[in-house]
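The values are calculated or read from the model by the stated rules, or taken from the named source; none is laboratory data. All values derive from a computational prediction rather than experimental measurement. All Cβ positions, even for glycine, are placed from backbone atoms using ideal geometry, and neighbour counts span all protein chains on display. Ligands, DNA and RNA are excluded from the accessible area calculation, which covers all protein heavy atoms including side chains. Shrake-Rupley method; radii C 1.70, N 1.55, O 1.52, S 1.80 Å.
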Amino acid sequence: MDRRDFIRISAITGATATLDCCGQPERQLIRFIPEEDLVPGVATWKPGVCTLCSAGCGLSVRVMPGEAEVVRKREVGLIQMGLAKKLEGNPAHPVNRGKLCPRGQAGVQSLYHPDRFRTPLKLNGPRGSGNFVQIDWSEALEILTAQLAALRKGDEASSLTFLTRPMRDQRGVLIERFLQAFGAPPAVTFELFDDAVLRRANALSFGHAQLPTFDLGRVNYLLSFGSDFLGTWNSPVAQAIGYGKMRQGRPGRRGKFVQVESRMSLTGASADEWIPCRIGHEGALALGFAHELITRFPAAKTLAAGRLIAGWSEGLPDYQPANVEKLTSVPSSTITRLAGEIADNPPALALVSGAPLAGTNALYNALSVNALNALMSLLKPAGEPGVLEFTPNAPLAAEFLPKSGAAGCLAALEALVQEILLDQPRAPKVVLLYGANPVFSTPAKSQVRAALEKVHFVASFDSFLDETSLLADLILPDHSPLESWVEGIPESGASVETVSLAPPAVHPLHDTRAMPDVLLDVAHRLGGELATALPWKTFDEMLKSAYTPLLKTSGSIAANSEDDFWEKMQAQGGWWSQADPDPPPRRGAPRGRAKGVAPEARPAFHAPLSLAIPEFDGSESEFP
Ligand code: SF4
């Protein structure tokens with residue numbers, strides 16, 4: 001008996017025994033999928049990419065043969081196949097370097113979740129009733145293609161809207177190419193906790209419209225203004241690794257951490273000193289520190305980032321500690337003491353996110369903290385690299401570069417809602433949903449639900465029934481990330497150019513299809529410009545076209561042909577521009593610009609900002 005026969009027989013007898021025991025006659029052994037690289041009882045580790053937040057950490061997926069309940073052709077049954085058992089961090093990945101956050105560890109649940117859509121579904125009742133019937137993929141694709149063809153025939157191609165989460169990957173590029181070739185406007189992206197204000201502030205202060213990357217491992221004094229950087233903000237794993245180094249990774253030197261916020265967060269609970277500050281006034285406190293530092297280093301009055309703050313070039317006369325105490329409720333003695341500590345412990349770094357960037361003074365707060373950072377960077381020894389940088393973009397062809405920033409925006413969503421509710425000429429007639437749940441995450445006043453109920457046809461590519469996909473006429477369920485080609489270009493968290501990429505770690509459990517493959521299929525059915533603009537038969541063909549040109553850029557992969565490069569990129573879990581994912585900082589050069597990545601052109605000069613006194617516009621009786 002050879003190995004393959006042994007595996008087949010033991011799989012079938014094992015499954016039969018299970019069926020006998022469980023006594024569930026509706027389950028049957030459908031088939032056995034032999035996988036050459038899997039040996040019973042032995043774990044195989046495959047690369048993956050975590051998609052549970054935008055950080056884009058690299059995964060190592062532990063795969064072992066096992067028995068799974070699956071759906072094939074609308075039948076439930078059991079299959080012996082390779083199953084993902086555990087997720088760990090990919091040690092070679094520049095963002096997370098072998099570590100994962102608790103959310104990433106739990107990512108395997110998205111594969112086995114019992115509430116996943118298992119087949120395509122068609123609405124069979126009033127919209128929003130949740131009354132769906134199962135259909136097969138040929139019918140689902142015919143329905144979607146017919147709706148899109150009708151738009152094109154009626155010269156209404158611009159009435160197609162794609163509503164998605166922000167995406168910095170080739171899925172996003174594919175959607176944009178599809179929409180452009182179809183004649184529709186760009187996708188509307190939305191996420192609840194968006195960082196649009198910080199991206200704008202960074203563009204104004206530093207010339208980079210993206211989230212920052214921090215070298216926390218070298219910081220001696222860390223000031224955080226409301227930032228939950230150890231929880232969920234930005235690139236939490238990369239930040240937790242750096243924070244660990246800052247606190248315990250340098251014998252004899254433990255960096256101090258001060259958290260300024262109006263409500264104690266999990267991150268704040270780790271601080272050496274927690275400073276309560278009046279909400280919305282955090283920028284004034286940052287400028288109070290800056291005032292004290294400028295008196296010691298008057299050369300800082302000419303800093304470019306400071307020109308965005310009213311009174312900076314005069315030394316911030318309105319931000320003397322006594323004035324700042326009145327604005328923020330932080331004692332002036334504390335402001336003076338902390339400013340002295342900052343000056344004595346370079347390099348110092350300030351972070352801002354969360355509540356300070358969610359109100360009237362959001363841009364003012366972000367620009368003030370940026371100016372403080374620029375000032376504090378003057379205090380470190382000459383030639384030392386900075387501790388705040390921007391991850392350089394991977395050198396991809398322009399046609400494969402995701403939209404810069406790719407931020408979600410409530411204003412764009414609300415404009416779309418008004419177009420629909422007011423029956424404007426460009427109001428969408430067909431809406432495609434992917435990865436966004438705005439009905440749940442926007443206030444009722446935004447009327448997203450009412451607008452979607454009015455749209456002629458709504459299709460969703462989501463994997464779960466939520467408040468938004470409930471309003472769909474057609475559900476085309478995507479694979480789980482562990483069953484898909486996954487990739488992305490991290491916006492922050494790495495000091496080198498990085499692309500994350502991994503092939504499917506396991507076969508699909510259910511009758512789902514990858515969203516990009518569905519879009520490519522529909523494009524070819526519609527033909528014409530769409531088929532020309534999207535020439536690939538499958539999504540992995542597109543990924544290969546996008547990423548194999550990286551072969552010409554020196555980096556973590558040495559290969560002698562495109563095919564060789566492509567194989568190695570899949571095995572490594574991506575590509576990065578240096579073989580060492582954590583290169584030591586070079587003296588005299590910010591790490592993110594080591595390859596000469598210049599800042600983008602700054603937006604037009606912004607008028608200097610002052611603090612606005614936030615006004616309460618709720619009901620005093622409701623919120624005493
Ligand atoms: S920080 Fe990394 S591991 Fe955690 S959810 Fe985000 S991408 Fe996944």
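Given the options 335, 279, name the one that is touching a residue at least 12 places away in the same chain (Cβ under 8 Å) and part of a loop (DSSP other than H, G, I, E, B). Don't jump to the end; show me each part of the working.
Numbers: 335 fails: part of a loop (DSSP other than H, G, I, E, B).
Only one candidate passes the filter, namely 279.
Go through the stretch 104-119 and report how many residues are surrounded by 16 or more Cβ atoms within 10 Å (Cβ to Cβ) and either away from the ligand (no atom under 16 Å from the Cβ) or charged (D, E, K, R) (or both).
Here the count works out to 4.
Checking residue 201 against (1) surrounded by fewer than 24 Cβ atoms within 10 Å (Cβ to Cβ); (2) within 27 Å of residue 327 (Cβ to Cβ); (3) of a type in the set (A, V, I, L, M), which single condition isn't satisfied?
Condition (1) is where residue 201 drops out.
In the stretch 203-237, what residues are away from the ligand (no atom under 16 Å from the Cβ), more than 17 Å from the chain's Cα centre (by Cα) and farther than 13 Å from residue 271 by Cα?
Selection gives 203, 204, 205, 206, 207, 208, 215, 217, 218, 219, 220.
Looking at the stretch 422-433 only, could you name the residues that are among the hydrophobic types (A, V, I, L, M, F, W, C) and farther than 25 Å from residue 143 by Cα? Can you show your working first?
In the first step, residues of the stretch 422-433 are kept if they are among the hydrophobic types (A, V, I, L, M, F, W, C); the result is 422, 427, 430-433.
Within the stretch 422-433, 422 is the sole residue that qualifies.
For (1) more than 30 Å from residue 214 (Cα to Cα); (2) more than 16 Å from the ligand (Cβ to nearest atom), each residue gets a yes or a no:
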residue: 55; (1), (2): no, no
residue: 58; (1), (2): no, no
residue: 62; (1), (2): yes, no
residue: 69; (1), (2): yes, yes
residue: 100; (1), (2): no, no
residue: 121; (1), (2): yes, yes
residue: 126; (1), (2): yes, yes
residue: 130; (1), (2): yes, yes
residue: 133; (1), (2): yes, yes
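So for the stretch 185-196 (the condition being modelled with pLDDT under 95 and assigned to a helix (DSSP H, G or I)), does at least one residue qualify?
The answer is yes, given that some residue of the stretch 185-196 is modelled with pLDDT under 95 and assigned to a helix (DSSP H, G or I).
Does residue 200 meet the test of being modelled with pLDDT of 95 or more and among the basic types (Lys, Arg)? Walk me through it before giving the result.
Numbers: modelled with pLDDT of 95 or more: no; among the basic types (Lys, Arg): yes.
When the stated conditions are applied, residue 200 does not pass them.
Each row is one residue, and each column tells you yes or no for (1) touching a residue at least 60 places away in the same chain (Cβ under 8 Å); (2) touching a Cys at 6+ places or on another chain (Cβ under 8 Å); (3) surrounded by fewer than 24 Cβ atoms within 10 Å (Cβ to Cβ).
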residue	(1), (2), (3)
209	yes, no, yes
215	yes, no, yes
229	yes, no, no
252	no, no, yes
258	yes, no, yes
261	yes, yes, yes
267	no, no, no
285	yes, yes, no
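Which of the residues that make up the stretch 517-566 are at pLDDT below 95 and among the basic types (Lys, Arg)?
552
Quick check on my filter: what residues within the stretch 509-558 are under 27 Å from residue 82 (Cβ atoms) and without any contact (Cβ under 8 Å) to a residue 40 or more places away in the chain?
Result: 514, 517, 536, 537, 538, 541, 544, 548, 557.
Which of the residues spanning the stretch 297-317 are surrounded by fewer than 16 Cβ atoms within 10 Å (Cβ to Cβ) and assigned to a helix (DSSP H, G or I)?
Of everything in the stretch 297-317, those that are surrounded by fewer than 16 Cβ atoms within 10 Å (Cβ to Cβ) and assigned to a helix (DSSP H, G or I) turn out to be 298, 299, 301, 302, 304, 313, 314, 317.
Identify all residues within the stretch 89-115 that are within 30 Å of residue 577 (Cα to Cα) and more than 19 Å from the chain's Cα centre (by Cα); write none if there are none. Lay out the reasoning, then the answer.
Step one: of the stretch 89-115, the residues within 30 Å of residue 577 (Cα to Cα) are 89-108.
Scanning the stretch 89-115 gives 91, 92.
What number of residues within the stretch 87-96 are in contact (Cβ under 8 Å) with a residue 40 or more places away in the chain and away from the ligand (no atom under 11 Å from the Cβ)?
Within the stretch 87-96, residues that are in contact (Cβ under 8 Å) with a residue 40 or more places away in the chain and away from the ligand (no atom under 11 Å from the Cβ) number 2.
Looking at this structure, is residue 240 within 16 Å of the ligand (Cβ to nearest atom), open to solvent by 10 Å² or more (accessible area, probe 1.4 Å) and either touching a residue at least 12 places away in the same chain (Cβ under 8 Å) or among the hydroxyl-bearing types (Ser, Thr, Tyr) (or both)?
yes
Might you check whether a residue that is surrounded by 24 or more Cβ atoms within 10 Å (Cβ to Cβ) and of a type in the set (S, T, N, Q) occurs anywhere in the stretch 175-187?
No, every residue in the stretch 175-187 fails to be surrounded by 24 or more Cβ atoms within 10 Å (Cβ to Cβ) and of a type in the set (S, T, N, Q).
If a residue counts only when it is in contact with a strand residue (DSSP E or B) (Cβ under 8 Å, 6 or more places away or on another chain) and outside the structural domain of residue 188 (by TED's automatic domain parsing), which helices (runs of 4 or more DSSP H) contained entirely in the stretch 338-456 have at least 2 such residues? Even if it seems obvious, please write down each step before you answer.
Numbers: elements: 362-376, 410-421, 438-441, 448-454.
Helices (runs of 4 or more DSSP H) meeting the threshold: 362-376.
Residues that are under 26 Å from the mean Cα position of the chain (by Cα): list the helices (runs of 4 or more DSSP H) wholly contained in the stretch 521-575 that include at least 2 such residues.
On the way: elements: 529-533, 539-547, 562-572.
Here the list reads 539-547, 562-572.
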